[in-house]
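Here the structure is laid out as structure tokens; the discussion comes afterwards.
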Amino acid sequence: SNGFNVIRYDNTCHLGESDGDMVESDPLKMEEDLVAALDFMGRIFNCEHCGVIASSVLGRIAIRLATKDSRIAFLVNLVGVVDFQKSLKSIYQEDIVEEYRRGKRWKTLDILGYEVKDSFLHGIIKNGLTTLNGTLEDIQKLSIPIVFIAAEKDVWVSLEDIKKIQRSSLNCLTELYVVPGALHQIRENPRRAKHV
């Protein structure tokens, strides 16, 4: 009704209607799924450019993909992770990324509320998605409009980190909106979700 073609998709190996078990989730599969969604939009709607709205873990992956895929015309990062290492440290109260680098292995881990194989950590390390510095480097490569929607009381994603990204962006089209009083799981509070 507003002149936009919109699709919502579920990542494979994630929650929702797509195939695959959540425990098999990893960053590369998530990026491949986003590329497949862009391919689908091009085939079905014949569009050369799309906007991407990505939340939580996919937020960081979408930032990286936007540096490589010119079909992404704008990006909305909804409570997106920008520093995996810090986010996981805030959950575990220990630096599991560094422990993984030093050789410690777990069969599975709870990553932001979901049980996945510890190879997920290998994926974020191998692809340079672990720290805020990597996110800052990627953001500085982008000239597309970027909107960060951050939760004021998010303990998994630092509002100060999001503000730092906005300040250091070379892109005057980078905006930040803060949802007052909200936690990372915005949808769990219907009033906050409606605000978003």
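Summary of values
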{"read-out": "DSSP bridge pairs, the stretch 1-129: antiparallel proportion in percent, nearest 5", "value": "40 percent"}
{"read-out": "Förster radius 45 Å - calculated FRET efficiency between LYS126 and LEU173, Cβ distance, rounded to 0.05", "value": "0.90"}
{"read-out": "Built amide H within the under 5 Å cut-off of ALA151, gap 5+", "value": "VAL79, VAL179"}
{"read-out": "The chain: most fluctuating residue of LEU159, LEU129, LEU173 per GNM, C-alpha cutoff 10 Å", "value": "LEU173"}
{"read-out": "Dipole magnitude of the chain about its Cα centre (Cβ charges: Lys, Arg +1; Asp, Glu -1), debye to nearest 20", "value": "440 debye"}
{"read-out": "Where Rh is the Kirkwood radius over Cα pairs, Rg/Rh for the stretch 71-150", "value": "1.02"}
{"read-out": "Rel. contact order, % - alpha carbon contacts under 8 angstrom, at least six apart, the stretch 58-107", "value": "28 percent"}
{"read-out": "Beta bridge orientation in the stretch 93-196: antiparallel %, DSSP, nearest 5", "value": "40 percent"}
{"read-out": "Highest-fluctuation residue, ILE53, ILE72, ILE44 considered, GNM on the chain with Cα pairs under 10 Å", "value": "ILE44"}
{"read-out": "Value of [θ]222 nm, deg cm²/dmol, for the chain, DSSP H segments ≥ 4, -39500 (n - 2.57) each, nearest 500", "value": "-12000 deg cm²/dmol"}
{"read-out": "Volume in Å³ per residue [convex hull over Cα atoms, computed for the stretch 140-180]", "value": "62 Å³"}
{"read-out": "Total lysine pairs under 23 Å (Cα atoms) in the stretch 68-149, excluding pairs fewer than 8 apart on one chain", "value": "17"}
{"read-out": "Ratio of Rg to Rh over the chain (Cα coordinates, Kirkwood Rh, two decimals)", "value": "0.95"}
{"read-out": "Residue (of ILE125, VAL178, SER87) at the positive-pole extreme of the chain, dipole from beta-carbon charges", "value": "VAL178"}
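No lab work stands behind these numbers, since they all come straight from the coordinates. The shown structure was predicted, so the numbers you read here are calculated from the model rather than taken from an experiment. Here the Cβ is made from the backbone with ideal geometry for all residues, glycine too, and neighbour counts use every protein chain on show.
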